[in-house]
Each structure stands twice: as C-alpha cells, then as structure tokens.
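Here's the structure, in structure tokens; my notes come after.
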Amino acid sequence: MWIYEKRLQYPVKITKTCPKTAKLIISQYGGPDGELSASMRYLSQRYSMPVKEVGGLLTDIGTEELAHMEIICAMVYQLTKNLTIEQAKTEGFDAYYIDHTTALWPQAAAGLPFTAIEFQSKGDAITDLTEDLAAEQKARTVYDNLLRMIPEPEIREPLKFLRTREIVHFQRFGEALEKTKDQLDSKNYYYFNPEFDKDMFHGKL
C-alpha cells in the first residue's frame with residue numbers, strides 16, 4: 001500500500017489575505033517571464049537538442065519549473081483564500097474576480113493572459129540555450145522586483161527560494177551552452193544549426 005503525502009518544493013504558509021499582493025505574484029504564474037512559460041519552453045526544446053546530457057538537463061529543469069509554478073499558485077491561492085467582496089473592490093482584484101472568482105488562471109500582473117508566443121522553441125541549440133539563459137535572468141529580475149515591493153516575511157521567503165533557483169538554472173544553462181559548443185566546430189558554431197545541419201556536428205548525435 002502506498003502512502004502519499006503531497007509537499008511543495010518549498011513550504012508556503014501565508015496567514016493574511018491580500019489580493020493586491022496576489023495580483024502581483026500571479027505574474028510568475030502566467031506572465032511573460034513566469035514559471036509556466038519556463039516549463040513549456042524547456043520541455044519543448046528538449047526533444048531536438050543534439051547533446052543528450054543537455055536534453056536531460058532541459059527535462060529536469062522544465063519539470064522543476066512546474067514545481068515552482070505550483071508554489072506560485074499556492075501563494076496566490078492562500079493570499080485570496082478568504083477574500084471578501086470589499087477587499088476585491090478596494091485592493092484592485094475586482095476585475096480578476098469577475099472573470100475567475102478566486103480560481104487560478106495564468107496571467108501577468110498587468111492582466112494580460114498567458115500565451116505561448118512568450119517563449120520559443122527554435123530547434124537550434126545555440127539559439128535555444130541563449131534564450132534559456134536570458135529567460136532565467138528575466139525571471140530573476142521579476143523576483144527582485146517582487147521582493148522590493150513585498151515586506152511580509154511569510155511571502156518573501158518562498159520568493160527568495162524561487163529567485164535562488166533562477167540563479168542556479170542560469171548557471172546550469174551556461175554550462176550546457178559550453179558543453180554544446182565544445183562539440184561543435186569552434187570557428188563555426190554561430191553559423192549553422194547543430195540540430196538540423198548534422199553533417200557539421202562533431203560526435204554521435
């Protein structure tokens with residue numbers, strides 16, 4: 001018999017309802033640099049990546065981003081769990097409430113809905129890994145901005161954890177880019193697509 005206990009990668013225990021803060025944090029769910037976008041980006045790019053180890057890294061990080069999305073969703077849920085109509089009206093959550101009540105729906109802090117246009121899967125290892133590096137830095141910047149705006153420790157601690165993971169992912173993607181370049185012609189790796197122009201790729205694909 002299996003005993004299943006669901007746990008977040010980092011605990012979320014928010015005790016105060018604050019829809020204004022929820023509206024800010026939700027950007028890391030469905031915003032242009034959020035966790036949903038990151039997970040879809042990496043889990044899409046992994047299939048055509050020519051270096052097996054790098055494809056595995058994309059799978060691992062893409063899966064972890066789904067866990068990070070779950071943390072963000074838990075935070076938004078807890079911040080709006082006991083929402084009153086008056087709070088929705090006075091704290092800028094009324095428009096969201098009209099469309100979704102307090103259900104989770106992916107959007108940016110500005111209210112724009114999630115769209116796959118916000119990430120790319122080009123089938124070019126150098127292009128994709130360069131985008132991944134930029135994506136992690138942009139996500140880190142968003143967490144920096146949230147931490148500047150939010151003083152409550154019970155909200156800040158999960159955000160600080162997520163920010164740290166963006167830095168780690170940036171480092172791993174930097175290593176992945178170097179590993180990929182090491183297996184390409186050092187004079188030509190910016191001039192062809194190693195995933196499509198396989199005759200130029202050194203080593204077993």
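Of everything in the stretch 171-186, what is part of a helix (DSSP H, G or I) and open to solvent by less than 70 Å² (accessible area, probe 1.4 Å)? Give them in sequence order. Those that are part of a helix (DSSP H, G or I) and open to solvent by less than 70 Å² (accessible area, probe 1.4 Å): PHE173, GLY174, ALA176, LEU177, THR180, LYS181. The residue that is nearest to PHE161 (Cα to Cα), counting only those in the stretch 108-144 that are more than 13 Å from the chain's Cα centre (by Cα) and open to solvent by less than 30 Å² (accessible area, probe 1.4 Å), is ASP144.
Within the stretch 9-48, the set of residues being open to solvent by 60 Å² or more (accessible area, probe 1.4 Å), in contact (Cβ under 8 Å) with a residue 24 or more places away in the chain, farther than 17 Å from TYR143 by Cβ and part of a helix (DSSP H, G or I) comprises LYS20, MET40.
Note on the stretch 49-103: no enclosed helices (runs of 4 or more DSSP H) hold 3 or more residues that are open to solvent by less than 70 Å² (accessible area, probe 1.4 Å), basic (Lys, Arg) and closer than 30 Å to ASP128 by Cα.
The values are calculated or read from the model by the stated rules, or taken from the named source; none is laboratory data. Worth saying up front: this structure is predicted, and the values here are computed from it rather than measured. Cβ: placed from backbone, ideal geometry, glycine included. Neighbour counts: every protein chain shown. Please note that ligands, DNA and RNA were not included when accessible areas were found on the heavy atoms of the full protein model with its side chains. Shrake-Rupley method; radii C 1.70, N 1.55, O 1.52, S 1.80 Å.
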